[in-house]
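Worksheet: the structure to be examined is printed underneath.
No value in this document is a laboratory result; all are computed from the given coordinates. Worth saying up front: this structure is predicted, and the values here are computed from it rather than measured. A quick note on method: Cβ atoms are made from the backbone with ideal geometry, for glycine too, and the neighbour counts reach across all protein chains shown.
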Amino acid sequence: MGYVLSAVARVLEQPTAWGAACEMAVLAGPLWAAALLGLLLGWAWRPRWAAGLVATADSHPAPPTFATLDFWKSQLPARIRAPLTQYIGAAGPAPPQQEDDSSLLGSSEMANEQLAVGKDDLVNLWRLVEGRDGGPAWIKMMEKALPTMTYQAWRRDPQTGPPQYQSSTIFENANPEEVRDFFGDDQFRMSNKWDDMLIYHKTLEECQTTGTMKVHWVRKFPFFCSDREYIIARRIWKLGGAYYCVTKGVPCSSIPRRNKPRRVDVYYSSWCIRPVESRRGNGGLTACEVLLFHHEDMGIPYEIAKIGIRQGMWGCVKRIEPGLRAYQKARAAGEPLSQSALMAHINTKVGDNFVRGLESNDDQSDIVEAEEKPAKNRVARFLVFGGAVALACTLDQGLLTKALIFGVARKFVGQRNTL
């Protein structure tokens with residue numbers, strides 16, 4: 001601050017305009033150096049789109065694409081970019097676009113949903129099933145049974161967020177494919193009334209390649225609560241003989257929020273459906289287990305919600321078993337599958353290497369990626385350190401200022417070394 005004030009005083013002391021201009025240039029020099037340093041630091045941590053502006057040593061220099069409309073349009077969020085693309089397309093022919101995930105999903109908005117229901121969600125569900133998620137211990141809530149169904153439920157309270165629930169439901173004389181279609185069939189869910197809380201459903205988007213769906217639900221709550229609205233995305237993976245079904249809440253700009261029904265943003269309800277041995281002891285995998293992991297923020301105080309869920313849980317669960325048997329009879333009678341049940345048939349196959357990699361915490365792909373970066377990192381470190389030297393030489397404010405600048409530069413260079 002003292003340097004700036006003294007420089008301003010020197011400008012005012014100049015008797016001529018030329019002298020004042022020269023002093024102002026001297027004053028602006030360190031500011032330009034600081035701006036240059038900021039540019040260098042920003043370039044060292046440049047985003048992925050900036051990497052294309054730098055030609056590699058074995059390629060020809062790339063033309064400056066940053067001046068084109070497509071370049072700036074590609075930096076916008078997908079939800080802004082899609083309407084803009086449609087508007088430009090109406091005015092004239094759209095330029096060819098590079099194939100990405102949105103081409104598989106049929107819309108740019110569904111591309112966001114695939115990112116929301118992707119590999120990380122599968123890994124998280126797998127760890128929940130295997131008990132390796134690192135969360136708090138589960139507290140057993142209840143254990144109930146019907147002649148052809150057994151049910152157990154647990155709860156745990158994380159440090160933040162709503163209570164989490166885990167349940168294990170075993171259906172006798174059922175296979176995973178039937179149970180997968182049963183839980184994914186929204187039409188049967190409403191027509192059979194086994195889930196009498198669901199009063200409205202509509203499929204908003206669907207992907208015929210991955211089976212990803214975005215669905216609009218409205219669920220009826222008790223009289224003292226308003227109904228709840230859900231925008232959920234779901235996707236199914238097949239791992240061996242088991243199906244991993246991830247369902248979670250996602251944002252949706254095309255459906256505006258309303259006071260009633262109240263929208264639930266935090267929603268997670270995912271299953272692992274797998275064959276298990278029958279409790280009748282016949283030695284065959286004639287039963288099917290559904291491991292459910294569920295939590296949602298319904299806008300109700302957590303303690304009150306826990307009491308209500310505990311009291312009403314078994315009443316809701318025991319209606320599933322007759323619903324499943326009715327579904328099996330309808331399938332045996334040859335009734336056609338609904339569209340949502342057909343979408344449940346589209347699964348992403350996962351190989352055994354995926355599980356082995358998770359069990360061994362194999363991060364080989366990250367190591368390979370890190371080994372490909374040093375050439376670029378050396379250039380970035382050189383630019384950062386060079387900018388620090390230039391700035392330190394420009395500011396003639398003693399050793400303390402220069403030591404601070406070099407310390408900051410060394411810290412950034414050290415961080416780049418760890419990447």
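If you place +1 on the Cβ of every Lys and Arg and -1 on the Cβ of every Asp and Glu, how big does the dipole about the Cα centre of the range 137-361 come out, in debye to the nearest 20?
Dipole magnitude for the range 137-361 comes out near 420 debye.
With the cut-off at 21 Å, tell me which of the pairs LYS193/LYS329; LYS119/LYS248; LYS214/LYS238; LYS140/LYS193 have Cα atoms farther apart than that. Violating the 21 Å Cα-Cα cut-off are LYS140/LYS193. Look at the dipole of the range 137-361 built from charges on Cβ: of LEU198, VAL215, THR169, the Cα furthest out on the positive end belongs to LEU198. Taking every Cα-Cα distance in the range 137-361 and sorting them into 10 Å bins from zero, the calculated P(r) comes out as 7, 30, 39, 21, 3, 0 percent. Overall size of the range 202-312 from C-alpha positions, given as principal axis extents largest first: 53, 40, 18 Å. Label positions at ILE300 and GLU143, each projected 7 Å from the Cα along the C-beta direction, are separated by 2.7 nm.
Dividing the mean sequence gap of close Cα pairs (under 8 Å, 6+ apart) by how many residues the range 137-361 holds gives a relative contact order of 23 percent.
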